[in-house]
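Contents: one structure, followed by commentary.
The values are calculated or read from the model by the stated rules, or taken from the named source; none is laboratory data. Computed from a predicted structure; not experimentally measured. Positions of Cβ are backbone-derived with ideal geometry, glycine not excepted, and every protein chain shown enters the neighbour counts.
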Amino acid sequence: MTRALVIEDDPIIGEMLTLYLVEEQFVVNRVETAREGLDAITTFAPDIILLDLMLPDASGTELCAKFRNVTFIPMIVISMKSAVADRIQAISSGADDYLCKPFSMQELKVRMNAVLRRYSHQPVHTYTAAPAAESQPVATATQHGISLDLERRTIIIDGEHVESTFSEYEIMKLFVHHPGRVFTREELINAVRGIDSFINDRAIDVHVTNLRRKLEKNPKEPQYIKTVWGVGYKFMK
């Protein structure tokens, strides 16, 4: 059975979510604080997280980044905030989807299944353990001194690890594996979240801008990630 971690401090909404998901054959653990949620990732080992952005001990979209920094478990934000900017910021920080309160329980279930389906279709990497005394990162092919550490899911630039969000890493993985290929924004959207999730062209542009800040010596005159006007982006060979 699928294990769902519900991080929601509102007793009415939390109980409603728990009862509905249990009826839908989920194993549910509900907590009320960010600290309890972070602990439950290890103790409960959920398959998916439902995260409220207004908790007693933390609030805001930085919560998404905090959770994404410790896990790549699928994560859906549930929030009273309905502004497009809030949605984009949450997804840019690591959320897989965003659902505004009040919402339909049937819609929640469909979105949860969609996110879980996308994750189940992602290829699983296997690694050969290096000797304990000389543990080495498992990296992809290198372009311009840039590669990816598959185990830590970080970008490596000239041997230095650079942290990235889930979306930034997925976009960079496409670029490094297919240097010179032009990717449309639609292709990048589908690769990052899947066609039925909330993300748009503007969010992709934000991710690319953030990647340029991390990779380029002069982000305003990028040498690696080039804009192909009217189409999308490509990573130079």
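Being in contact (Cβ under 8 Å) with a residue 12 or more places away in the chain and over 24 Å from Ala191 (Cα atoms) is the requirement here; does Phe67 meet it?
Numbers: in contact (Cβ under 8 Å) with a residue 12 or more places away in the chain: yes; over 24 Å from Ala191 (Cα atoms): no.
No.
Identify all residues within the range 14-52 that are over 20 Å from the mean Cα position of the chain (by Cα) and acidic (Asp, Glu); write none if there are none.
Glu15, Glu23, Glu24, Glu32, Glu36
Give the range 15-44 a look and list any residue that's part of a helix (DSSP H, G or I) and either under 18 Å from Arg111 (Cα atoms) or among the charged types (D, E, K, R) (or both), or say none.
Once the filter is applied, which keeps residues that are part of a helix (DSSP H, G or I) and either under 18 Å from Arg111 (Cα atoms) or among the charged types (D, E, K, R) (or both), the range 15-44 yields Glu15, Met16, Leu17, Thr18, Leu19, Tyr20, Leu21, Val22, Glu23, Arg35, Glu36, Asp39.
Would you check if Arg30 is modelled with pLDDT of 90 or more, surrounded by fewer than 14 Cβ atoms within 10 Å (Cβ to Cβ), among the basic types (Lys, Arg) and farther than 18 Å from Ile91 by Cβ? Can you show your working first?
Values: modelled with pLDDT of 90 or more: yes; surrounded by fewer than 14 Cβ atoms within 10 Å (Cβ to Cβ): no; among the basic types (Lys, Arg): yes; farther than 18 Å from Ile91 by Cβ: yes.
Spelling it out, it is not the case that Arg30 is modelled with pLDDT of 90 or more, surrounded by fewer than 14 Cβ atoms within 10 Å (Cβ to Cβ), among the basic types (Lys, Arg) and farther than 18 Å from Ile91 by Cβ.
Okay, residues lined up against (1) at negative phi; (2) hydrophobic (A, V, I, L, M, F, W, C); (3) buried (at least 17 other Cβ atoms within 10 Å of the Cβ); (4) touching a residue at least 60 places away in the same chain (Cβ under 8 Å):
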| residue | (1), (2), (3), (4) |
| --- | --- |
| Glu8 | yes, no, yes, yes |
| Ile12 | yes, yes, no, no |
| Leu19 | yes, yes, no, no |
| Ile76 | yes, yes, yes, no |
| Val84 | yes, yes, no, no |
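Working only within the range 147-182, note down all residues that are in a loop (DSSP other than H, G, I, E, B), in contact with a strand residue (DSSP E or B) (Cβ under 8 Å, 6 or more places away or on another chain) and under 17 Å from Asn210 (Cα atoms).
Glu163, Ser164 - these are the residues of the range 147-182 that are in a loop (DSSP other than H, G, I, E, B), in contact with a strand residue (DSSP E or B) (Cβ under 8 Å, 6 or more places away or on another chain) and under 17 Å from Asn210 (Cα atoms).
What is the residue count in the range 208-219 for residues that are more than 14 Å from Ile157 (Cα to Cα) and either buried (at least 18 other Cβ atoms within 10 Å of the Cβ) or modelled with pLDDT of 90 or more (or both)?
So the first thing to find is which residues in the range 208-219 are more than 14 Å from Ile157 (Cα to Cα), and the list is 208-210, 218-219.
After this cut, where a residue has to be either buried (at least 18 other Cβ atoms within 10 Å of the Cβ) or modelled with pLDDT of 90 or more (or both) as well, the list is 208-209, 218.
Counting residues in the range 208-219 that are more than 14 Å from Ile157 (Cα to Cα) and either buried (at least 18 other Cβ atoms within 10 Å of the Cβ) or modelled with pLDDT of 90 or more (or both) gives 3.
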